[in-house]
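Q: Encoded as structure tokens, here's the structure I'll be asking about.
The values are calculated or read from the model by the stated rules, or taken from the named source; none is laboratory data. Quick caveat, the model's predicted, so the values are computed rather than measured. Please note: Cβ atoms are built from the backbone with ideal geometry, for glycine as well, and neighbour counts cover all protein chains shown.
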Amino acid sequence: MTEDRLRVLSVVVEDGPGTLSKVSGLIRRRGFHVRAISVGPSREAGQVRMTLTVDAGHAEVDQVRKQLERLVEVVEVEDLTGHDVHSRELVVATVAAADLSDLIERGAKVLHSGKKGTTVEFAGDGTEVGEFVDELRRHGVQDVVRSGPVVMRRSA
Amino acid sequence: MTGADMILEALEREGVEFIFGYPGGANLPIYQHMPGHPTLKHILVRHEQGAAHMADGYARACGKPGVVFATSGPGALNLVTGLATAYMDSVPMIAITGQVASTMVGRDAFQETDVIGATSSVTKHSYLVTSINQLPRVIHEAFHIATTGRPGPVLIDICKDVQQADAPHVLPERLEIPGYKLNGHVDLDQAKAAAVALAGAERPVVLAGHGVLLSHAEGELRELAEKAAVPVGTTLLGIGAFPVNHPLSLHMTGFMGTGWNLKAVQNADVLMMVGMRVDDRVTARLADFAPKVKTFIHVDIDGSEMGKNVRPHIELVADAKKAISAMIPHLPEPEKSRGTWLAQIDAWREEHPLRYTHSNGQLQPQDVLIDMYKRCRNEAIVVADVGQNQIWAALWWNYDRPGLFLNSGGSGTMGFALPAAIGAKFARPELAVWCVAGEGGFVMTAQELSVAVEHQLDVKIVILNNFSLGMVRQFQDDFYGGVRSESDLKHMPDFVKLADAYGLPGIRVDKFEEIGPAMDAAERTKGPFLIDFRIDPEANVYPIVPLGKSLNDFWEAPEV
């Protein structure tokens, strides 16, 4: 996989029990691969926004958008690849170390502190979250979960 | 009103005449209420795959969506091949399947299958209906989606309790499908650019696909070709989009296309591709496809086809008829050297004619087709199966308009011909319908002979029997080291006795001289008729491009 095969897409879909499987089925059968996904409500009732990072595989890269647009459940696809965007990911982790000052300095927020460790959360762009996760390792990370990015065009 | 009645009423409202179907546990409520809807004629098939191909043949022959009923589980799964066939060739179809009760879904109930999951890759859209209130809207939407834009099959999976529920019948309001956008308008700048590029080219070629037939653009295509003096070839599925006898015709393109077509494509400087997917059977080795082209023009209603295989310089995402109509007024006078190009093509036509062996004393399939064509001209529908029979029927016939040659082009589904021919006969009872199949494909759906006999359909069945899977055998001989592995059909039924068992007349033909009398008998007979033509088992399809090679490398039939 190379970076230029990746497409970042903001996809508005109809909220229905079959939608996710229709989207993921299409991605599989066209030879694409989902690298990251995040799903949440959109501003419209009955519609959901998916933020997808998709590897186009051996296909022409614009096929990812075009094939998604063919699905009746897909209301709108915006290709955000290469655009000026806010891209944010969330990481939640439990670490053993007591001294968390350098994590706090990076912007981490403590969610819970207990005998067996401290749970923190941190949000940032992909690079920042990556660096934060590297930093966690030095603090004896016990558990870590990380979201896919949510991406939005920067307003003027 | 019951859900079952709502379904049937909706079909009546959509103008459905025939339903090809098979009852079973999960769709029995619909069948219970069918007698109350006598305008819907139900054709009871012998296997659900037959139903899907009949609906497909019906739709291809008359343009209206074909309608299929099947029960849950195995019934619905038996439709999958037929749905895939229709999906690959953009044929409008509505499949209504029964599903287990909504409260039972997901519990592995008797005859439960995730039909939406099993069919979503071979349908344009699908619905699972779990509440009676969804019914009128869903059916109306399904017909709209199946028949508009790039057509295709739409499946509606309806839980049994929904069919039995009772609710006031609320007619659907206007359609609102936010995710379904039709490409309506033609980009005029692109249309002008296409017109100028095409007419101004030194060596232009137009290739026409199934989209031209689907949008009824054959008249516009002919006007464009004549005005711009551009030769036109068709894909296998585009046969009928341009008359084969026309002086500008290049006949069929692709890896089994005519020599003069492939020469023209490979030497063209501007290539316009209309209503086609530009798939691997058209391009052969993609890197060497139309290597001299400076400007590719692609017209297709489906934007995802742009650049999927060949990146166009000018794209028109629109209905073929509208796009070509928009081009015509902007066509300049053809480029001065056009006469030279057309003369070159004529020379290639002379140099690379279609030919076949007819000197070894054996019955040749081309002889059969040539005799058929002399009788039928363009007053009959030919439905071909898949394999050598399909290509022979495509090449050895001068189709002059749409709807006369039906075949499974994209999916290549063996067993398509007989049920599709039956469906076509229901759609166009005034036309003779000929089913052309190899013996291998024929036995895959032969049980549908019962339907032809039951309804005394005038379907003439031509089996080109070469005692083998001919195309497989030819590929093995030429491209797989000459190893004839499992391509001999050592034991097959006696087709004349098989016809007799099903209740239709049949005869066997071994010699050239017997072709005419056998055809006479078929034409004289009312109702179905079967002819088992024992053809030369070594007969091959030519021209052919060796697998993995470029269109330049086509092989021709040995000199006679």
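Q: Suppose we filter the range A:53-75 for residues that are within 8 Å of another protein chain (Cβ to nearest Cβ) and either part of a helix (DSSP H, G or I) or at pLDDT 95 or above (or both); how many remain?
A: 10
Q: Shifting gears a bit: Residue under question is B:A101, and the condition is that it be away from every other protein chain (no Cβ under 14 Å), in contact with a helix residue (DSSP H, G or I) (Cβ under 8 Å, 6 or more places away or on another chain), surrounded by fewer than 22 Cβ atoms within 10 Å (Cβ to Cβ) and among the small types (G, A, S); does it hold? Talk me through it step by step, then tell me what you get.
A: Details: away from every other protein chain (no Cβ under 14 Å): yes; in contact with a helix residue (DSSP H, G or I) (Cβ under 8 Å, 6 or more places away or on another chain): yes; surrounded by fewer than 22 Cβ atoms within 10 Å (Cβ to Cβ): yes; among the small types (G, A, S): yes.
So B:A101 passes the test.
For (1) surrounded by fewer than 16 Cβ atoms within 10 Å (Cβ to Cβ); (2) of a type in the set (S, T, N, Q); (3) within 17 Å of B:A55 (Cβ to Cβ), each residue gets a yes or a no:
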| position | (1), (2), (3) |
| --- | --- |
| B:P419 | no, no, yes |
| B:F426 | no, no, yes |
| B:G438 | no, no, no |
| B:M471 | no, no, no |
| B:G503 | yes, no, no |
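Q: Additional query: On the phi > 0 side of the Ramachandran plot, part of a loop (DSSP other than H, G, I, E, B) and within 13 Å of chain B (Cβ to nearest Cβ): which single residue out of A:G31, A:G82 fits that description?
A: Of A:G31, A:G82, the one residue that is on the phi > 0 side of the Ramachandran plot, part of a loop (DSSP other than H, G, I, E, B) and within 13 Å of chain B (Cβ to nearest Cβ) is A:G31.
Q: Residues in the range B:3-57 that are under 15 Å from B:I96 (Cβ atoms) and among the hydroxyl-bearing types (S, T, Y): how many?
A: Going through the range B:3-57 one residue at a time, the tally reaches 2.
Q: Report, by residue number, each residue of the range B:520-560 that is of a type in the set (G, A, S) and either within 26 Å of the chain's Cα centre (by Cα) or at pLDDT below 95 (or both).
A: B:A522, B:G527, B:A539, B:G548, B:S550, B:A557, listed by residue number.
Q: Pairs please, first residue from the range B:174-186 and modelled with pLDDT under 90, second anywhere and of a type in the set (D, E), Cβ atoms under 7 Å, 6+ apart in sequence or on different chains.
A: B:L175/B:E141
Q: Same structure again: Here is a list: B:P168, B:P136, B:P151, B:P204. Which entry is under 30 Å from B:A320 (Cβ atoms) and more than 14 Å from chain A (Cβ to nearest Cβ)? Spell out how you get there, then give the answer.
A: Details: B:P168 fails: under 30 Å from B:A320 (Cβ atoms); B:P136 fails: under 30 Å from B:A320 (Cβ atoms); B:P151 fails: more than 14 Å from chain A (Cβ to nearest Cβ).
Exactly one residue qualifies, and that residue is B:P204.
Q: Moving on. Do you know which residues across the range A:90-132 are polar (S, T, N, Q) and part of a strand (DSSP E or B)? Working first, answer last.
A: Residues of the range A:90-132 polar (S, T, N, Q): A:94, A:101, A:113, A:118-119, A:127.
Selection gives A:T94, A:S113, A:T118, A:T119.
Q: Give the residues of the range B:96-125 that are within 18 Å of the chain's Cα centre (by Cα) and not in a helix (DSSP H, G or I), sorted by residue number.
A: B:T123, B:K124
Q: Hey, could you check the range B:318-344 for residues that are of a type in the set (V, I, T) and surrounded by fewer than 20 Cβ atoms within 10 Å (Cβ to Cβ) and say which is nearest to the other protein chains (Cβ to nearest Cβ)? Write out each step before concluding.
A: In the first step, residues of the range B:318-344 are kept if they are of a type in the set (V, I, T); the result is B:324, B:328, B:340.
Now drop any that are not surrounded by fewer than 20 Cβ atoms within 10 Å (Cβ to Cβ), which leaves B:328, B:340.
Values: B:I328: 28, B:T340: 36 Å.
Filtering first and then ranking leaves B:I328.
Q: Of the conditions (1) in contact (Cβ under 8 Å) with a residue 60 or more places away in the chain; (2) surrounded by 24 or more Cβ atoms within 10 Å (Cβ to Cβ); (3) under 24 Å from A:R29 (Cβ atoms), B:M54 fails just one. Which one is it?
A: Among (1) in contact (Cβ under 8 Å) with a residue 60 or more places away in the chain; (2) surrounded by 24 or more Cβ atoms within 10 Å (Cβ to Cβ); (3) under 24 Å from A:R29 (Cβ atoms), B:M54 violates only (3).
Q: Here's a follow-up. In the range B:326-367, how many residues are in a loop (DSSP other than H, G, I, E, B) and under 26 Å from B:F554 (Cα atoms)?
A: As a first pass, look at the range B:326-367 and keep what is in a loop (DSSP other than H, G, I, E, B): B:331-337, B:352-364.
Checking which are under 26 Å from B:F554 (Cα atoms) leaves us with B:352-360, B:362-364.
So the answer is 12.
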